[in-house]
Every structure is written in C-alpha cells, then in structure tokens.
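The values are calculated or read from the model by the stated rules, or taken from the named source; none is laboratory data. Computed from a predicted structure; not experimentally measured. Cβ placement follows ideal geometry from the backbone for every residue including glycine, while neighbour counts extend to all protein chains displayed.
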Amino acid sequence: MGVKPDHWIRKMAIEHKMIDPFVDGQVREGAISYGLSAYGYDIRVSDEFKVFTNVYNTVVDPKGFDERSFVEINSDVCMIPPNSFALARTVEYFRIPRSTITLCVGKSTYARCGIIVNVTPFEPEWEGFVTLEISNTTPLPAKIYANEGIAQVLFFEADEMCEISYADKKGKYQKQVGITPPKV
C-alpha cells in the first residue's frame, strides 16, 4: 500500500468523479490553499457550520445526540468560541474507489493557530460530503474561512481489494449530503 501522487489523483478525479468539484492545482493567492498537491488534495470547508453551544444545557451524547447542542451558521466566516468546537462539511463530494482508503490531516496554517481539524478515514467505496470536526484549542475566538483550504487528504491504494467495503456494509454515513451529526 502506498500514497498516490498527483497524476493518479487527477485521473481518478476526472475519469471517475472521485472529487467533485475538482481543482487541478493549488489555489493560493489571497486564500488558505486548496486543490491538488503533489501527494494529496487540499479540501475546502463550505459556508455551513454547526457551532457547539451551551445555551440549552444539553449533554453531548454520541448515542443520543441532541441537535440543540449547536447553533447553525451560514457565512463566509465562522467564529468558533474559545475552547469550543464546530462541525462543517467540505465543498467537495467524494467517491472513494474500492481499492483506496484516505487519511485526512489539518492544514498547518490552522494548526499553527491552535485549530485542530479531525476527519475519520474515507473507507473504500465511501461516498459523500465530508463532515469536518474543527476544534478551537485556544483561549481566544478563532476565525474559519469558508470556501478555502481546511485539511489535506492523502490517498492510499491497497495491493489487493478489501473483502467488505463501506458500501457493502451499508455504512451509516454513506452518501451524506449535509453536516451529519453522530448516529448509532
């Protein structure tokens, strides 16, 4: 298994719609970079955010998630309160091939500001918009810019096909469209 280079990502994005929309190259001027890089793809965060709040005094419970735990924001900029958290989604829609798995890591521009982006692997044959978990670890408000880079996806192709893909097991986050909170 090895990480795939830009020409493989380009081919899969164009011929198989693995990434849609696909930006063939890095966009940098005046923005936190996004698009195709040497060994990955820098994804963008959309303008839809769900910022956690304690207004309703709810408990964050993955087995019984209360939608009142957050406030929905649609904006070009999202302010995440100190030591708080937001969910967002990517601009890009992904269709992962059966022979591929990804790892996603936050961009250094945000990491150096105390912003941690967590995304679970995109499993073989997973499809959908990616739900992003964005943590502000600082004691200050943090600004997130919509439609700009937020994290980098690395694609790994296996030496042989998996026995059971995410689609085969009918994964609960398959073909997710918006920001998807936890499901059991």
Just to be sure I understand, how many residues within segment 5-49 are touching a residue at least 60 places away in the same chain (Cβ under 8 Å), more than 16 Å from the chain's Cα centre (by Cα) and under 17 Å from PHE155 (Cα atoms)? 7
From PHE129, PHE122, PHE94, PHE155, which residue is in a loop (DSSP other than H, G, I, E, B), buried (at least 18 other Cβ atoms within 10 Å of the Cβ), modelled with pLDDT of 95 or more and of a type outside the set (Ser, Thr, Tyr)? PHE122
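Quick check: is even one residue across segment 134-142 on the phi > 0 side of the Ramachandran plot, out of contact with any strand residue (DSSP E or B) (no Cβ under 6 Å at 6 or more places or on another chain) and polar (S, T, N, Q)?
As a first pass, look at segment 134-142 and keep what is on the phi > 0 side of the Ramachandran plot: none.
There is no residue in segment 134-142 that is on the phi > 0 side of the Ramachandran plot, out of contact with any strand residue (DSSP E or B) (no Cβ under 6 Å at 6 or more places or on another chain) and polar (S, T, N, Q).
Is it the case, given these coordinates, that GLU72 is assigned to a strand (DSSP E or B), acidic (Asp, Glu), touching a strand residue (DSSP E or B) at 6+ places or on another chain (Cβ under 6 Å) and more than 30 Å from ASP168 (Cα to Cα)? Break it down stepwise before answering.
Values: assigned to a strand (DSSP E or B): yes; acidic (Asp, Glu): yes; touching a strand residue (DSSP E or B) at 6+ places or on another chain (Cβ under 6 Å): yes; more than 30 Å from ASP168 (Cα to Cα): yes.
Judged against the criteria, GLU72 is a match.
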